[in-house]
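Notes follow once the structure below has been shown.
The values are calculated or read from the model by the stated rules, or taken from the named source; none is laboratory data. Everything numeric here is computed off the predicted structure, so don't read it as measured data. In this analysis, Cβ positions are derived from the backbone assuming ideal geometry, glycine residues included, and neighbour counts consider all displayed protein chains. Just the protein is used for accessible areas: all its heavy atoms, side chains included, with ligands, DNA and RNA removed. Shrake-Rupley method; radii C 1.70, N 1.55, O 1.52, S 1.80 Å.
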Amino acid sequence: MYHGRSTGKGPSTPMQIYQQPPRLLIVQVALPSWADTCSNLCEALQNFFSLACSLMGPSRMSLFSLYVVQNQHECILPFVQVKRNFARLQACISELRMLQREGCFRPHGTSLQLAVQDGLQQFKQYSRHMTTGASLSYTSLEITVLTSQPGKEVVKQLEEGLKDTDLGRVRRLQVVEITKGDLAYTDSVSPAEEPSSDESSILGTDIDLQTIDNDVVSMEIFFKAWLHNNGTDQEHIHLLLPSQCFSNISRSRDDSMCLKCDLQERLLSPSLLPGTADGSLRMDDPKGDFSTLYQMASQSSASRYKLRVIKALNSSGICESLTYGLPFILRPTSCWQLDWDELETNQQHFHALCHSLLKREWLLLAKGEPLSGDSLRQPASTFYVIVPSRSPTLLVKAVATRELMLPSPFPLLPEDPPDDSLKIVESVLDSLELEPTYNPLQAWSHLYSHLSSTFIRPQGRLHPSSESRALRKRPCKAGQFQTNRVRATVAPLPMTPTPGRAPQMPAAHKSSSEAFFWPSRKEVREEKEEEYPSGP
């Protein structure tokens with residue numbers, strides 16, 4: 001769910017679109033480990049951005065910038081809008097691939113903190129410009145430092161170096177340590193599994209530390225978390241259970257037990273990707289039918305969408321052919337506006353519900369309560385089945401109602417098929433490899449390459465100043481490439497000279513750099529119209 005506002009012609013249901021915060025990625029290059037990390041990181045970034053740039057509907061990522069820290073910090077991609085910028089992102093990834101992988105250089109102790117400060121400075125200037133040039137403003141920044149160095153040491157280095165820096169505009173500062181472990185594909189539980197509490201912890205005051213494995217899939221999973229709605233300004237769903245089943249618990253106004261939950265996508269809808277959409281509004285499409293759980297939960301914050309539990313079902317009491325659309329995940333809310341006692345109580349009740357359903361082998365049948373709309377028409381209701389799991393989550397799937405059912409004859413299967421046919425079919429089945437579970441991480445659909453190919457021919461006009469960008473040169477050894485570098489939008493922070501070498505600072509004209517990076521008001525307006533299209 002993405003909270004913001006979309007407008008259209010004629011009567012429509014107001015929807016709020018959540019805007020992801022701008023993101024700054026700082027890659028710390030250290031030899032010799034960079035040789036083992038580079039190809040995996042570049043492939044993961046290429047795959048991720050082919051997906052993020054292809055998603056239709058409102059943009060899930062707003063701004064992105066990339067810095068590299070070697071013996072000094074360097075901005076290889078200033079803040080750009082992710083949507084419609086795959087070519088620039090791909091060029092940036094190509095520069096990462098060409099970074100030095102062998103030899104040695106003396107890392108500068110202050111380079112990492114200078115990259116954070118310089119990125120924050122660029123973000124502030126971009127925000128000031130966007131505030132004057134468009135209605136959409138960016139208030140906070142998320143910074144991720146990707147390193148193969150010991151994470152705790154990097155955290156201590158940043159805490160010491162940034163203790164006098166104003167981080168009021170930084171929403172989150174995260175250090176991600178890339179470990180040498182390889183992902184055991186067959187043992188992976190879920191491509192969207194979050195790090196456990198012992199893998200991700202808070203060190204110091206404001207710096208998160210997390211570890212990921214040095215392989216493409218693990219890095220993809222990390223970057224794909226940027227597509228989730230991680231906003232904590234409000235809870236998304238109220239799950240209501242009959243009050244007579246509980247005692248001494250927090251109740252809603254209608255005397256039902258109310259569990260406050262956050263809603264999360266389990267997977268991306270293929271209908272949001274080019275080459276897979278049929279152009280129509282589909283029930284599993286967040287930009288389509290407003291009766292879906294995803295869409296209803298995204299609406300006005302004045303009242304929360306409610307799921308009222310009306311019955312319990314045996315775990316084997318529902319036919320899979322009756323469910324439709326994409327499933328969603330319910331978690332206990334992490335809304336910061338709730339006090340700690342309410343958050344803790346809500347979480348305990350949620351966990352108790354999951355445990356009890358598993359013990360009883362029950363499912364729950366719930367009815368969605370539509371938000372108030374047109375008083376002249378009775379809004380249609382949607383029913384859902386709620387499935388518990390071994391994790392503290394509930395899976396929610398839409399289930400068919402009487403009005404949607406079509407006649408489907410299901411005659412009984414003959415008890416004794418012909419022996420000849422039975423032997424032939426059984427021999428065919430015996431030749432198949434039997435797997436205990438389905439692992440989506442082992443199934444490739446070539447979607448990434450298909451999406452990347454759609455950007456081979458640039459769509460629309462390029463910014464005219466992109467043809468006249470200047471070269472940023474850096475020292476290189478014989479046989480290495482000198483590459484075109486985009487200019488930073490603000491003057492770089494001063495760097496402490498490496499002993500025996502004077503820093504090389506490229507000359508830049510502010511007017512030309514601003515002409516390249518700052519979109520015109522017309523372009524901003526065109527982009528907003530594409531992200532929030534008007535109705536017919």
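Looking at SER452, SER421, SER375, SER391, which one is at pLDDT below 90 and either out of contact with any helix residue (DSSP H, G or I) (no Cβ under 7 Å at 6 or more places or on another chain) or more than 30 Å from TYR305 (Cα to Cα) (or both)?
SER375
From the list ARG331, ARG308, exactly one residue is assigned to a strand (DSSP E or B), modelled with pLDDT of 90 or more and closer than 15 Å to TYR384 by Cβ. Which is it?
Of ARG331, ARG308, the one residue that is assigned to a strand (DSSP E or B), modelled with pLDDT of 90 or more and closer than 15 Å to TYR384 by Cβ is ARG308.
Which condition number in (1) at pLDDT 90 or above; (2) out of contact with any helix residue (DSSP H, G or I) (no Cβ under 7 Å at 6 or more places or on another chain); (3) open to solvent by 40 Å² or more (accessible area, probe 1.4 Å) is the one that LYS224 fails?
If we test LYS224 against (1) at pLDDT 90 or above; (2) out of contact with any helix residue (DSSP H, G or I) (no Cβ under 7 Å at 6 or more places or on another chain); (3) open to solvent by 40 Å² or more (accessible area, probe 1.4 Å), just (2) comes out false.
Quick one: how many residues across the stretch 389-433 are surrounded by fewer than 10 Cβ atoms within 10 Å (Cβ to Cβ) and within 26 Å of PRO327 (Cβ to Cβ)?
7
Just one of (1) surrounded by 15 or more Cβ atoms within 10 Å (Cβ to Cβ); (2) not in a helix (DSSP H, G or I) trips up LEU343, so point out which.
It fails just one condition, (2).
Take the residues in the stretch 248-272 that are open to solvent by 80 Å² or more (accessible area, probe 1.4 Å) and over 17 Å from the mean Cα position of the chain (by Cα), then tell me which one is modelled with the lowest pLDDT.
Taking the candidates together, the pick is ASN248.
Specify the residue that is most open to solvent (accessible area, probe 1.4 Å); the eligible residues are those in the stretch 150-175 that are under 17 Å from PRO21 (Cα atoms) and of a type in the set (D, E, K, R).
By that ranking, first place goes to ARG171.
Could you say which residue among HIS450, HIS446 is surrounded by fewer than 10 Cβ atoms within 10 Å (Cβ to Cβ) and under 30 Å from LEU45 (Cβ atoms)?
Residue meeting the stated conditions: HIS446.
Determine, yes or no, whether MET56 is surrounded by fewer than 20 Cβ atoms within 10 Å (Cβ to Cβ), assigned to a loop (DSSP other than H, G, I, E, B) and in contact with a Lys or Arg (Cβ under 8 Å, 6 or more places away or on another chain).
When the stated conditions are applied, MET56 passes them.
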